[in-house]
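**Student:** This is the structure, below, for whatever I ask next.
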Amino acid sequence: MLVRLNTVLENIFCTVLKIFFGAMILIILLQVISRNVLQIPIIWTLDLAQLCFSWCIFIGAAVAFRRDAHYHLDLIPPSWVKAGKFVRLLALLGSSIVIYVLLVYGIVFAGIGLTRSSLSLGVSEIWFFIPIPIGAAAMTLFLIERIGSLLGLVPNYRELG
């Protein structure tokens with residue numbers, strides 16, 4: 001059940017990432033052309049590109065966490081199965097600290113963003129900060145899945161095909 005939920009969530013996030021990354025590239029292209037070719041700076045492009053970047057970073061970090069795509073060192077030889085499993089478990093438990101900070105302070109930042117507006121876009125700044133707790137909440141689900149998979153309690157989504 002958790003693996004299916006996380007797979008659906010990951011697929012939604014990948015679609016969101018494609019949209020925001022494509023939009024960010026187009027917005028930056030518009031900004032470069034308007035400033036350098038047309039000599040007409042468009043003020044709102046910087047904030048909109050920053051908004052897309054924020055979504056890409058925190059939603060992308062959640063997807064990378066599920067896929068175990070973040071940078072890590074292999075300190076234990078593959079033949080040391082139990083020791084390797086223990087070190088991976090410790091690393092995942094350490095990840096929970098980072099996820100906790102992102103979740104708690106992401107909510108704080110989102111609350112601050114509720115009281116402020118982007119002058120150039122005319123929208124609440126919550127949209128710049130809300131990807132932080134959204135990504136952290138997804139990472140929490142992905143963390144539970146990864147720990148469960150490591151302990152053999154849930155199937156590894158890569159093995160399900």
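**Student:** Could you identify the single residue in LEU2, LEU17, LEU29 that is modelled with pLDDT of 90 or more and touching a helix residue (DSSP H, G or I) at 6+ places or on another chain (Cβ under 7 Å)?
**Tutor:** LEU17
**Student:** Look at the stretch 82-113 and say how many of its residues are touching a residue at least 12 places away in the same chain (Cβ under 8 Å) and either touching a His at 6+ places or on another chain (Cβ under 8 Å) or among the basic types (Lys, Arg) (or both).
**Tutor:** Number of matching residues: 3.
**Student:** Keeping to the stretch 71-99, report how many residues are touching a Ser or Thr at 6+ places or on another chain (Cβ under 9 Å) and more than 16 Å from PRO131 (Cβ to Cβ).
**Tutor:** 1
**Student:** Examine the stretch 121-139 for a residue that is over 23 Å from ASN11 (Cα atoms) and in contact (Cβ under 8 Å) with a residue 40 or more places away in the chain, and state whether such a residue exists.
**Tutor:** Taking every residue of the stretch 121-139 in turn, at least one turns out to be over 23 Å from ASN11 (Cα atoms) and in contact (Cβ under 8 Å) with a residue 40 or more places away in the chain.
**Student:** Can you spot a residue in the stretch 118-131 that is of a type in the set (D, E, K, R) and under 19 Å from LEU151 (Cβ atoms)?
**Tutor:** no
**Student:** Go through (1) assigned to a helix (DSSP H, G or I); (2) farther than 21 Å from GLY106 by Cα; (3) touching a helix residue (DSSP H, G or I) at 6+ places or on another chain (Cβ under 6 Å); (4) not basic (Lys, Arg) for PRO41 and report which single condition fails.
**Tutor:** Condition (1) is where PRO41 drops out.
**Student:** So which residues in the stretch 49-100 are acidic (Asp, Glu) and surrounded by 10 or more Cβ atoms within 10 Å (Cβ to Cβ)?
**Tutor:** ASP68
The values are calculated or read from the model by the stated rules, or taken from the named source; none is laboratory data. Not measured: the values here are computed from a predicted model. As a convention, Cβ positions derive from the backbone with ideal geometry for all residues, glycine included, and neighbour counts pool all protein chains shown.
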